[in-house]
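Working notes for the structure below.
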Amino acid sequence: MTRQLTIILTFLLVTCGQNSQSADSNLTESNTTYSDSLQTFSITKATADDFNKAKRSFVDKTLYDTTTFRKVNREIKLPVDEKWKPFVTFRDTLLNTDDSEVREYNYVGQFEKIGFYIVGGSFWEHSEYYLIDKRTGRQTVTWSSPTISPTDKFIANLSMTYGLEGVPNGIQVWRIDRNPNNQVEPISLSKHIELDQQIWVPEDFVWETDNSIILKVAAVDKYMNKRGQPNPSDFYYLRLKIQ
């Protein structure tokens, strides 16, 4: 269903125009809601003032306890509750070389309240992050560094820096599911929204509320024509409302 949502959204965004001016104009004129049978969201125009206000009030709830789990002999070992496999392990390989199989991992911190570690992985021409359930060791792979919403309803992350061929471009939102009758996995993550499109490039985002994200974006052609460095005036703002 996520793949279907991506295709539908891409088609709808294309109808809004191929540059920041036309997309911005259409968003001004309409607060259209795009949805499928499982997920509902809307994208409308926002302002720099909206973005800056949200930035001032947002509190990052990530616990950056990077000294708690130090890398030893190129290896990070994170304890989990599973007795048959009490650690999730990440091991660096082929560091300081030009080999395409190079891998390097870093422990970032954790979302302490919901019980998930955060680990970042860097590869040859790619990077990704991992959310690791401290109870089961199950891993959820995200495009980039995740940020949790104000009262722990969702987690969101952007795509990698724009420019590499074949890399997704957009935003992911993960729903935090609470399962009180499941003693093994009382909290789990499920992909709620994945927007992968070629209309705008996300530069930054901030949680405005649990159900609202403000995105700072620029049109794809601004990145392509200016070698990945759009002018400050090229950026505009979108509000992603999540239901």
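Restricting to the range 81-103, name every residue that is under 24 Å from the mean Cα position of the chain (by Cα) and modelled with pLDDT of 95 or more.
Passing the criteria: Val88, Thr89, Phe90, Arg91, Asp92.
Among the listed residues Asn181, Asn169, identify the single one that is surrounded by fewer than 13 Cβ atoms within 10 Å (Cβ to Cβ) and out of contact with any Leu (no Cβ under 7 Å at 6 or more places or on another chain).
Asn181
Pick out the one residue from Gln183, Gln197 that is in contact with a helix residue (DSSP H, G or I) (Cβ under 7 Å, 6 or more places away or on another chain) and not hydroxyl-bearing (Ser, Thr, Tyr).
Gln197
Within the bounds of the range 110-123, is there any residue that is among the acidic types (Asp, Glu), open to solvent by 60 Å² or more (accessible area, probe 1.4 Å) and assigned to a loop (DSSP other than H, G, I, E, B)?
Yes, the range 110-123 contains a residue that is among the acidic types (Asp, Glu), open to solvent by 60 Å² or more (accessible area, probe 1.4 Å) and assigned to a loop (DSSP other than H, G, I, E, B).
At negative phi and in a strand (DSSP E or B): which single residue out of Gln172, Gln183 fits that description?
Numbers: Gln183 fails: in a strand (DSSP E or B).
Result of the check over Gln172, Gln183: Gln172.
To keep it simple, each residue is scored yes or no on (1) out of contact with any Phe, Trp or Tyr (no Cβ under 9 Å at 6 or more places or on another chain); (2) of a type outside the set (A, V, I, L, M, F, W, C); (3) closer than 30 Å to Ala219 by Cα.
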site: Val88; (1), (2), (3): no, no, no
site: Leu95; (1), (2), (3): yes, no, no
site: Trp124; (1), (2), (3): yes, no, yes
site: Ser127; (1), (2), (3): no, yes, yes
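Leu164 passes all but one of (1) under 30 Å from Thr209 (Cβ atoms); (2) open to solvent by 40 Å² or more (accessible area, probe 1.4 Å); which number fails?
That leaves (1) as the condition not met.
For Glu125, all conditions in the list (1) over 14 Å from the mean Cα position of the chain (by Cα); (2) at pLDDT 95 or above hold save one; what is the number of the exception?
It is condition (2) that Glu125 fails.
Based on this model, can you work out whether Thr151 counts as open to solvent by 60 Å² or more (accessible area, probe 1.4 Å), under 20 Å from Lys61 (Cα atoms) and outside any strand (DSSP E or B)?
Working: open to solvent by 60 Å² or more (accessible area, probe 1.4 Å): yes; under 20 Å from Lys61 (Cα atoms): yes; outside any strand (DSSP E or B): yes.
So Thr151 passes the test.
Would you call Asp204 part of a strand (DSSP E or B) and over 30 Å from Asp98 (Cβ atoms)?
Yes.
Going by the conditions given, is Pro186 open to solvent by 10 Å² or more (accessible area, probe 1.4 Å) and more than 24 Å from Thr44 (Cβ to Cβ)?
yes
The values are calculated or read from the model by the stated rules, or taken from the named source; none is laboratory data. Given the structure is predicted, the values throughout are model-derived calculations rather than measurements. As a convention, Cβ positions derive from the backbone with ideal geometry for all residues, glycine included, and neighbour counts pool all protein chains shown. Protein only, heavy atoms only, side chains kept; ligands, DNA and RNA dropped before computing areas. Shrake-Rupley method; radii C 1.70, N 1.55, O 1.52, S 1.80 Å.
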